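Here the structure is laid out as structure tokens; the discussion comes afterwards.
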Amino acid sequence: MNRSMNWRSLNTLAQWVVEESVRVQQIPAPTFHEDQRAAYVGQQFEALGLEEIQIDAAKNVYGLLKGSNRAVPAVMVAAHTDTVFSAETDLTIRYQDDWIYGPGLGDNSMGVAGLLGLARWLHDENFTPECDIWFVATSCEEGLGDLKGMRAAYELLKHRIGIVINLEGLAFGHIYHAGIAVHRMHITAEAEGGHSWLHFGRPSAVHSIMELGAQISRMSVPT
């Protein structure tokens, strides 16, 4: 740190992050279709003076804040841009008391706004960190996206970074330093039956999948 920081400015920044989360939320970003939101984030990165801005084939957005000692491993700060809501979803925001309601607002428009807020604060404070900080808005985190964006970002930066900080809007105020592994499987079932009349009495792939699901639901999960 090259000088004292104005920590009081964080109060103003917090309100900005809330307002920015709504701006981000209004841009549809279903998993695999984050193009518009990625373009918006790229524009914000440029306005905030980040360098080496790029959008890769996975639709990740990268921006670099250079540090004073580039020999020190960098920090990657990330937030995923995609949401579970389709492009046709009504994104209307509703304000009630001290709450704001809207599809995809907490997961993860708020996280993206937090990512931009951190970059904005460091820019406004004219802060030069000791190490490089990579700001990365990742794609395809949800569901069948299977963390595609984060995997691609890590593969690109793994030899340059020493730590990853991931921002989730619903987890603001909490720090999670451990997690469970994710193994996603695609199961295809084939059977003799299928047609209700012609194949009556023969095993159906649908029934087999349902039985498999029932068995999985009976498994004891460690707590």
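The values are calculated or read from the model by the stated rules, or taken from the named source; none is laboratory data. Since we're looking at a predicted model, the values are computed, not measured. Neighbour counts run over all protein chains shown; Cβ positions are idealised from the backbone, glycine included.
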Residues of the range 34-59 satisfying the condition of being closer than 24 Å to residue 90 by Cβ, of a type outside the set (A, V, I, L, M, F, W, C) and crowded, with 17+ Cβ neighbours inside 10 Å: 34, 37, 40, 59
All conditions in (1) more than 17 Å from residue 134 (Cα to Cα); (2) free of Cβ contacts under 8 Å to residues at least 40 places away in the same chain are true of residue 52 except (1)
Can you name the residue in the range 162-178 that is assigned to a loop (DSSP other than H, G, I, E, B) and in contact with a helix residue (DSSP H, G or I) (Cβ under 6 Å, 6 or more places away or on another chain) and, of all such residues, is nearest to residue 77 (Cα to Cα)? 167
Would you mind telling me which numbered condition in (1) more than 24 Å from residue 159 (Cβ to Cβ); (2) not in a loop (DSSP other than H, G, I, E, B) residue 119 fails? (1)
Among the residues of the range 202-216, is any in contact with an Asp or Glu (Cβ under 9 Å, 6 or more places away or on another chain), of a type in the set (A, V, I, L, M) and farther than 30 Å from residue 64 by Cα? yes
Does residue 159 meet the test of being surrounded by fewer than 10 Cβ atoms within 10 Å (Cβ to Cβ), part of a loop (DSSP other than H, G, I, E, B) and at pLDDT 95 or above? yes
Contact list, first residue from the range 144-167 and under 22 Å from residue 84 (Cβ atoms), second anywhere and of a type in the set (Lys, Arg), beta-carbon distance below 7 Å, six or more apart or interchain, is 146/184; 149/59
